[in-house]
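S.K.: Provided herewith is a single structure, encoded as C-alpha coordinates, for subsequent inquiry.
The values are calculated or read from the model by the stated rules, or taken from the named source; none is laboratory data. Note that this is a predicted model, so its numbers are computed, not measured. Only protein heavy atoms, including side chains, enter the accessible area calculation; ligands, DNA and RNA are left aside. Shrake-Rupley method; radii C 1.70, N 1.55, O 1.52, S 1.80 Å.
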Amino acid sequence: MQPPFGILGFLLIVNGILFISALISIARNRTYTSARTVVWALIVPAVPVLGPVLWFAIGRRAARDNLRLADR
(Lines give C-alpha, C1' and ligand atoms only; values in the text may rest on other atoms or scores of the structure.)
Protein backbone atom coordinates (compact mmCIF):
# COMPACT_ATOMS: atom_id res chain seq x y z
CA MET A 1 0.00 0.00 0.00
CA GLN A 2 1.48 3.30 -1.08
CA PRO A 3 0.99 6.54 0.82
CA PRO A 4 -0.98 9.26 -0.92
CA PHE A 5 1.15 11.41 -3.20
CA GLY A 6 0.37 14.43 -1.04
CA ILE A 7 2.31 13.03 1.90
CA LEU A 8 5.12 11.73 -0.30
CA GLY A 9 5.34 15.05 -2.13
CA PHE A 10 5.44 16.92 1.16
CA LEU A 11 8.27 14.70 2.43
CA LEU A 12 10.22 15.21 -0.79
CA ILE A 13 9.85 18.98 -0.52
CA VAL A 14 10.95 18.97 3.13
CA ASN A 15 13.95 16.80 2.22
CA GLY A 16 14.88 19.17 -0.61
CA ILE A 17 14.65 22.22 1.63
CA LEU A 18 16.74 20.50 4.30
CA PHE A 19 19.33 19.48 1.68
CA ILE A 20 19.63 22.96 0.16
CA SER A 21 19.74 24.72 3.53
CA ALA A 22 22.47 22.34 4.73
CA LEU A 23 24.61 23.07 1.67
CA ILE A 24 24.11 26.83 2.09
CA SER A 25 25.01 26.56 5.76
CA ILE A 26 28.15 24.59 4.94
CA ALA A 27 29.17 27.15 2.30
CA ARG A 28 28.70 30.06 4.75
CA ASN A 29 30.61 28.37 7.55
CA ARG A 30 33.89 30.23 8.15
CA THR A 31 35.29 28.19 11.05
CA TYR A 32 36.17 24.99 9.18
CA THR A 33 39.14 24.58 6.87
CA SER A 34 38.55 24.03 3.18
CA ALA A 35 39.12 20.29 3.56
CA ARG A 36 36.50 19.90 6.29
CA THR A 37 34.06 22.00 4.30
CA VAL A 38 34.54 19.77 1.25
CA VAL A 39 34.09 16.64 3.37
CA TRP A 40 30.79 17.93 4.77
CA ALA A 41 29.70 19.04 1.30
CA LEU A 42 30.29 15.46 0.11
CA ILE A 43 28.59 13.81 3.09
CA VAL A 44 25.33 15.73 2.70
CA PRO A 45 24.48 14.51 -0.84
CA ALA A 46 26.02 11.06 -0.29
CA VAL A 47 23.62 10.28 2.56
CA PRO A 48 20.38 11.88 1.36
CA VAL A 49 18.28 12.21 4.52
CA LEU A 50 20.81 11.58 7.26
CA GLY A 51 23.53 13.86 5.80
CA PRO A 52 21.75 17.19 6.35
CA VAL A 53 20.50 16.04 9.75
CA LEU A 54 24.07 15.16 10.76
CA TRP A 55 25.29 18.56 9.61
CA PHE A 56 22.73 20.45 11.65
CA ALA A 57 23.14 18.17 14.68
CA ILE A 58 26.93 17.73 14.70
CA GLY A 59 28.68 19.93 12.14
CA ARG A 60 27.22 23.30 13.01
CA ARG A 61 27.49 22.66 16.74
CA ALA A 62 31.17 21.68 16.42
CA ALA A 63 31.88 24.76 14.30
CA ARG A 64 30.11 26.99 16.80
CA ASP A 65 32.03 25.44 19.71
CA ASN A 66 35.34 25.90 17.85
CA LEU A 67 34.48 29.55 17.25
CA ARG A 68 33.75 30.09 20.94
CA LEU A 69 37.07 28.51 21.94
CA ALA A 70 38.92 30.73 19.46
CA ASP A 71 37.34 33.87 20.94
CA ARG A 72 38.72 33.13 24.39
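S.K.: Give me the extension gain from Val38 to Ile13: residue separation times 0.36 nm, minus the current Cα-Cα distance, reported in nm with one decimal.
M.R.: Difference between extended and current length: 6.5 nm.
S.K.: How big is the accessible area of Leu12 in square angstrom, nearest 10, if you roll a 1.4 angstrom probe over the protein chains?
M.R.: Its accessible surface works out to 110 Å², give or take rounding.
S.K.: Whole number please: convex hull volume per residue, Cα atoms of region 14-66, in Å³.
M.R.: 59 Å³
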